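Engineer: Quick one: the structure is below, and I'll ask about it shortly.
The values are calculated or read from the model by the stated rules, or taken from the named source; none is laboratory data. The model shown is predicted, which means the values in this text are computed figures rather than measured ones. Backbone-built Cβ (ideal geometry, glycine too); neighbour counts: all protein chains shown.
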Amino acid sequence: MTLAELFRDRALVLRAQDHAETDRIVSVLSENRGQLEILVKGARRIERSWGAILDILNLAEIIYYRRRSGLHLLREAWLIQDFPGLRVDLPRLEAGLILTRWARELVPHEFPDPRPFRLTLNFLRALEEGGAPEVLLRAYELRLLSLLGYRPVLNGCLSCGGKEGLTWAADRGGLLCRKCGGSGEEVPSRVWNTMGAMLRLSMPALLRLRIPEDDLNTMDSLIHAFRAVQLAR
């Protein structure tokens, strides 16, 4: 197979899988080309450092051959950041892994937009700096969905704009009041107001945000229901 030109990029490692006897296939979120699948020849050999450099959650600079079809091929890689603070704290590590899973499942391959990479990197760094994992996860999920075109309506009823009796209509795209056909349990105003703030707040403000556990659990259910319906279309 003919090799295309070389590309150089920064990339976050989302997943690594063993391949053949000594190789590895690495899924990365690159800054300039979205998600990529890259074949790393000989990554599992002891004398090769690429296996450690391209470990999940690492930020690396990579040079790779971009193929017209199939896997791209790594030429060189350098470690930029490995987020050691995440790896010694189980709640932060779990949050980081969930964050990278969302990126892997949602960001398209060969997506020439740097925003998903920068968003993901910023939130990994916020986790590293000591931000509350559950708060950062909910904010990241909302922002990634919004960035990719799935922004939920969180400022009132999506039909009439009303602020009372709001329920969650995942299939319609957000909040819907009972007068406009909303059904199910009512979403407390503090919950949807906080979700809206999560989309607007700067990172320093987000790091100071404290949210009751029950509200975080409610947000988790709402966001996952919204994601399931919107992405199934």
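Engineer: Considering segment 84-122 alone, what residues qualify as being farther than 15 Å from R15 by Cβ and in contact with a strand residue (DSSP E or B) (Cβ under 8 Å, 6 or more places away or on another chain)?
Structural biologist: Scanning segment 84-122 gives P108, E110, F111, P112, D113, P116, F117, L121.
Yes or no, residue by residue, for (1) surrounded by 14 or more Cβ atoms within 10 Å (Cβ to Cβ); (2) modelled with pLDDT of 95 or more; (3) over 14 Å from the mean Cα position of the chain (by Cα); (4) not hydrophobic (A, V, I, L, M, F, W, C):
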residue	(1), (2), (3), (4)
L74	yes, no, yes, no
L86	yes, no, yes, no
A95	yes, yes, no, no
R125	yes, yes, no, yes
E129	no, no, yes, yes
L144	yes, yes, no, no
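Engineer: OK, next. Please work out which one of (1) under 21 Å from N58 (Cβ atoms); (2) surrounded by fewer than 20 Cβ atoms within 10 Å (Cβ to Cβ); (3) not charged (D, E, K, R) is the condition L137 fails and give its number.
Structural biologist: Here L137 clears every test but (2).
Engineer: Kindly indicate the residue of segment 183-201 that is at pLDDT below 95 and small (G, A, S) and also surrounded by the most Cβ atoms within 10 Å (Cβ to Cβ) among those meeting that condition.
Structural biologist: Residue satisfying both the conditions and the ranking: G184.
Engineer: Only one residue in L207, L216 is at pLDDT 95 or above and surrounded by 14 or more Cβ atoms within 10 Å (Cβ to Cβ). Which one? So that I can check it myself, show each step before the final result.
Structural biologist: Working: L207 fails: at pLDDT 95 or above.
After ruling out the rest, the residue left standing is L216.
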